[in-house]
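**Q** Got a structure here, written out as structure tokens. Questions coming.
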Amino acid sequence: MNATNAANGARGNPTHELDAPPWRRVESTLMATASAIHAAYDQRLAGLGLTLSTASLLAYLAEFGPVTQTRCAEHLGQGRAVTGTQVDKLQSLGYVERRPDPTDRRVWLVSITDTGLDLAARVADVDEGLRGEFREGISRTDRQTLAALLVRLQENINRSQHVSSSSTPQQPESNHQ
């Protein structure tokens, strides 16, 4: 470490991520940022009686519905049970409804109601406003660079998870006689 790096580190301004305390490393910063974004959406959407999760489901249905509850869960990256609870809530409020699938009577399709479409438009307005606030002072080029880096990080994480799951040591077989 050179004298400048040492001086910066002594002032609490580490010059390298590895010199930073754990709460200032990239991964921690990303998790804290994601949490803050989620909280900001939840706060703004509360006035509409929604959370980010229920608003995301409503927006998905507005764009792609009617679809199965399973497809909703897959798109939102969450379990079917959680999605079912969200559909139940939105249905009780009159924003979505379940209808039998005309091609498979064992399956129900979730579709958005006219009232739900009106609410989805208000959700889109909230989203547009928040994204504008979040991006203030960050150029399009900076956002594109950040997006590319995040995609690369996701790919590395996926590759790491694949390697970890395929290289998990096997339990030795018991040799009971």
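**Q** For the structure I just gave you, tell me whether A73 is without any contact (Cβ under 8 Å) to a residue 12 or more places away in the chain and in contact with a Gly (Cβ under 9 Å, 6 or more places away or on another chain).
**A** When the stated conditions are applied, A73 passes them.
**Q** Pairs, please: C-beta under 8 Å, at least 6 apart or cross-chain, first residue touching a residue at least 12 places away in the same chain (Cβ under 8 Å) and in a helix (DSSP H, G or I) and in the range 128-149, second of a type in the set (A, V, I, L, M) and surrounded by 11 or more Cβ atoms within 10 Å (Cβ to Cβ)?
**A** Here the result reads L130/A40; F134/I37; F134/A40, each pair linking the range 128-149 to a residue that is of a type in the set (A, V, I, L, M) and surrounded by 11 or more Cβ atoms within 10 Å (Cβ to Cβ).
**Q** Of everything in the range 87-124 that's part of a strand (DSSP E or B) and acidic (D, E), which residue is nearest to S53 (Cα to Cα)?
**A** In this case the residue turns out to be E97.
**Q** Look through the range 55-86, keep the residues that are outside any helix (DSSP H, G or I) and of a type outside the set (V, I, T), and return whichever of them is surrounded by the most Cβ atoms within 10 Å (Cβ to Cβ).
**A** G65
**Q** Are any of the residues in the range 160-175 modelled with pLDDT under 95, in contact with a Ser or Thr (Cβ under 9 Å, 6 or more places away or on another chain) and acidic (D, E)?
**A** Restricting attention to the range 160-175, the residues satisfying the condition of being modelled with pLDDT under 95 are 160-175.
The next check asks that each one be in contact with a Ser or Thr (Cβ under 9 Å, 6 or more places away or on another chain); those that pass are none.
No, the range 160-175 contains no residue that is modelled with pLDDT under 95, in contact with a Ser or Thr (Cβ under 9 Å, 6 or more places away or on another chain) and acidic (D, E).
**Q** Then there's this: Looking at L76, L117, L90, which is the one that is under 24 Å from the mean Cα position of the chain (by Cα), among the aliphatic types (A, V, I, L, M) and modelled with pLDDT under 95?
**A** Going through L76, L117, L90 in turn, just one is under 24 Å from the mean Cα position of the chain (by Cα), among the aliphatic types (A, V, I, L, M) and modelled with pLDDT under 95: L76.
Residue-by-condition table, conditions (1) out of contact with any helix residue (DSSP H, G or I) (no Cβ under 9 Å at 6 or more places or on another chain); (2) under 21 Å from R44 (Cβ atoms):
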{"residue": "T70", "(1), (2)": "no, no"}
{"residue": "Q86", "(1), (2)": "no, yes"}
{"residue": "R106", "(1), (2)": "yes, no"}
{"residue": "V110", "(1), (2)": "no, no"}
{"residue": "D114", "(1), (2)": "yes, no"}
{"residue": "L119", "(1), (2)": "no, yes"}
{"residue": "A124", "(1), (2)": "no, yes"}
{"residue": "L130", "(1), (2)": "no, yes"}
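**Q** Taking into account only those residues within the range 117-137 that are basic (K, R) and surrounded by fewer than 13 Cβ atoms within 10 Å (Cβ to Cβ), which is nearest to P66 (Cα to Cα)? So that I can check it myself, show each step before the final result.
**A** The initial filter retains those residues of the range 117-137 that are basic (K, R), namely 122, 131, 135.
Next cut, surrounded by fewer than 13 Cβ atoms within 10 Å (Cβ to Cβ) only: 131, 135.
Working: R131: 27, R135: 32 Å.
If we take residues in the range 117-137 being basic (K, R) and surrounded by fewer than 13 Cβ atoms within 10 Å (Cβ to Cβ), then R131 is nearest to P66 (Cα to Cα).
The values are calculated or read from the model by the stated rules, or taken from the named source; none is laboratory data. What you see is a predicted model; the values in this text were computed from it and never measured. Cβ sites come from the backbone with ideal geometry, for glycine too, and all protein chains shown count toward neighbours.
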